[in-house]
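Participant: So that we are looking at the same thing, I have put the structure below in structure tokens.
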Amino acid sequence: MKTSVFLEKLQEELEEKEALTIDTNLRQLESYDSISLLSVIAFVDESFDKKIDANYFKDIETVSDLMNIIGEENFED
Amino acid sequence: MNPFSLKDKIILITGASSGIGRSCSVECSKSGAGLILIARNSEELQKTVSMLAPDTKAETIMADITNTANLEELIAEKISVLGKVSGFIHCAGIEKTLPLKKHTSRLYTDVFAVNVIAGFEIARILSLKKYKNEISSFVFVSSVAGMVGEIGKTAYSASKGAVIAGARSMAMELARGGTRVNSISPAMVNTPILEKMFENIGEDAAEEIFKKHPLGIGQPEDIANACIFLLSDASKWITGSNLVIDGGYSAH
């Protein structure tokens, strides 16, 4: 997936008004809580056919942390 | 005779290959019951059989209970071997924790197919005189989620609430035929479903849920023992009820 498309989809998933960048800190977003975390997990599963263990999210701060867990090979510029 | 005994009773149990269903199978066998066990996973079902009390009469049906076309045939065949059924526990169930915006009509359909419809279909079959003893008892494993709200559980809660409500009406209808119908509502029990859910929601959310149980997380035997009571003659004046077994979860 193109990184720009991913950023748009993630923004939609989190229902954020502002555009996201790979440096956006997810924890500082208003919409980020335990339920949006479940949404993100489901979104990653749908988009990349990849199941992320919720416990990984303890180590995720930025969008790029999330992309690393999804796997760099799944993204193109 | 001990009114809590299941001696000479044939009990049919769904979801017998793991968790609460496996524990119900084992504990019912210790109480003297003969068993018809249903599950999809043959290997795990055989494992349950290997855990039963020695000399237990047990028959297994490996089937997907949501595919109800030939279910009656399969059950009738086992009843012809073991004898008419005195009890039924519907343990098979699926759990999903997902935000409402990720709920699809497919998800509701899948959850209801196992948790509700398959159980009610088997109850229909076992309510027929040709398959049941004069006195029989059905127990549906519901959940406290069918009574109180939990985030991410719209489909699951709805299905478990449907089980409680349906069982109550079934109790009214089947009382004249000598069949009692009750549901039980466990909170979190240490089963593979719970482990999977904890993986999905993460340790922090799991810890939050854990804290809501004054007596801690339950063990499958805690549920199985309640099922035995509801299947036995000790509960002969109980029907249409929902027994809450939740370590204090819903007492808040």
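Participant: Name the residue that is farthest from A:GLU8 (Cα to Cα), counting only residues in region A:28-57 that are assigned to a helix (DSSP H, G or I) and away from chain B (no Cβ under 13 Å).
Facilitator: Looking at the filtered set, the residue picked out is A:GLN28.
Participant: Out of region A:49-65, which residues are over 17 Å from B:LEU98 (Cβ atoms) and touching a helix residue (DSSP H, G or I) at 6+ places or on another chain (Cβ under 9 Å)?
Facilitator: A:ASN55, A:TYR56, A:LYS58, A:ASP59, A:ILE60, A:GLU61, A:THR62, A:VAL63, A:ASP65
Participant: Also, I was wondering about something else. Among the numbered criteria (1) of a type outside the set (Gly, Ala, Ser); (2) at pLDDT 95 or above; (3) farther than 27 Å from B:ASP222 by Cβ; (4) in contact with an Asp or Glu (Cβ under 9 Å, 6 or more places away or on another chain), which one does B:LYS102 miss?
Facilitator: That leaves (2) as the condition not met.
Participant: Would you mind stating whether B:LYS129 is modelled with pLDDT of 95 or more, surrounded by 18 or more Cβ atoms within 10 Å (Cβ to Cβ) and of a type in the set (Lys, Arg)?
Facilitator: In short, no.
Participant: Being within 19 Å of the chain's Cα centre (by Cα), over 30 Å from B:ALA171 (Cβ atoms) and loosely packed, with under 14 Cβ neighbours inside 10 Å is true for just one of B:ASN67, B:ASN41. Which residue is that?
Facilitator: B:ASN41
Participant: So, one more: Might you let me know whether region B:180-198 holds any residue that is more than 20 Å from the chain's Cα centre (by Cα) and buried (at least 17 other Cβ atoms within 10 Å of the Cβ)?
Facilitator: Checking region B:180-198: at least one residue is more than 20 Å from the chain's Cα centre (by Cα) and buried (at least 17 other Cβ atoms within 10 Å of the Cβ).
Participant: Give me a count of the residues in region A:17-62 that are in contact (Cβ under 8 Å) with a residue 40 or more places away in the chain and either of a type in the set (Ser, Thr, Tyr) or in contact with a Pro (Cβ under 8 Å, 6 or more places away or on another chain) (or both).
Facilitator: Selection size over region A:17-62: 3.
Participant: Output the number of the condition that A:THR21 fails; it satisfies all remaining conditions of (1) part of a helix (DSSP H, G or I); (2) of a type in the set (Val, Ile, Thr); (3) more than 22 Å from B:GLY202 (Cα to Cα).
Facilitator: Checking A:THR21 against (1) part of a helix (DSSP H, G or I); (2) of a type in the set (Val, Ile, Thr); (3) more than 22 Å from B:GLY202 (Cα to Cα), the one that fails is (1).
To keep it simple, each residue is scored yes or no on (1) among the charged types (D, E, K, R); (2) in contact (Cβ under 8 Å) with a residue 60 or more places away in the chain; (3) more than 14 Å from chain A (Cβ to nearest Cβ).
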{"residue": "B:PHE140", "(1), (2), (3)": "no, no, yes"}
{"residue": "B:ASN200", "(1), (2), (3)": "no, yes, no"}
{"residue": "B:GLU208", "(1), (2), (3)": "yes, no, no"}
{"residue": "B:THR239", "(1), (2), (3)": "no, yes, yes"}
{"residue": "B:GLY248", "(1), (2), (3)": "no, no, yes"}
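Participant: In addition: If you scan region B:94-113, which residues turn out to be buried (at least 16 other Cβ atoms within 10 Å of the Cβ) and either within 14 Å of chain A (Cβ to nearest Cβ) or on the phi > 0 side of the Ramachandran plot (or both)?
Facilitator: B:GLU95, B:LYS96, B:THR97, B:LEU98, B:PRO99, B:LYS102, B:HIS103, B:LEU107 - these are the residues of region B:94-113 that are buried (at least 16 other Cβ atoms within 10 Å of the Cβ) and either within 14 Å of chain A (Cβ to nearest Cβ) or on the phi > 0 side of the Ramachandran plot (or both).
Participant: Going through region A:58-77 one residue at a time, which ones are among the acidic types (Asp, Glu) and away from chain B (no Cβ under 14 Å)?
Facilitator: A:GLU61, A:ASP65, A:GLU72, A:GLU73, A:GLU76, A:ASP77, listed by residue number.
Participant: Please go through region B:164-179 and pick out each residue that is closer than 16 Å to B:ILE238 by Cβ, of a type outside the set (A, V, I, L, M, F, W, C) and surrounded by 19 or more Cβ atoms within 10 Å (Cβ to Cβ).
Facilitator: If the condition is that a residue be closer than 16 Å to B:ILE238 by Cβ, of a type outside the set (A, V, I, L, M, F, W, C) and surrounded by 19 or more Cβ atoms within 10 Å (Cβ to Cβ), then B:THR179 is the only one that fits.
Participant: Given the criterion among the aliphatic types (A, V, I, L, M), crowded, with 19+ Cβ neighbours inside 10 Å, more than 14 Å from every other protein chain (Cβ to nearest Cβ) and not in a loop (DSSP other than H, G, I, E, B), identify the matching residue among B:LEU74, B:LEU12.
Facilitator: Among B:LEU74, B:LEU12, only B:LEU12 is among the aliphatic types (A, V, I, L, M), crowded, with 19+ Cβ neighbours inside 10 Å, more than 14 Å from every other protein chain (Cβ to nearest Cβ) and not in a loop (DSSP other than H, G, I, E, B).
The values are calculated or read from the model by the stated rules, or taken from the named source; none is laboratory data. For clarity, every value in this text was computed on a predicted model and none was experimentally measured. Cβ coordinates were reconstructed from backbone atoms using ideal geometry, including for glycine residues, and neighbour counts include every protein chain displayed.
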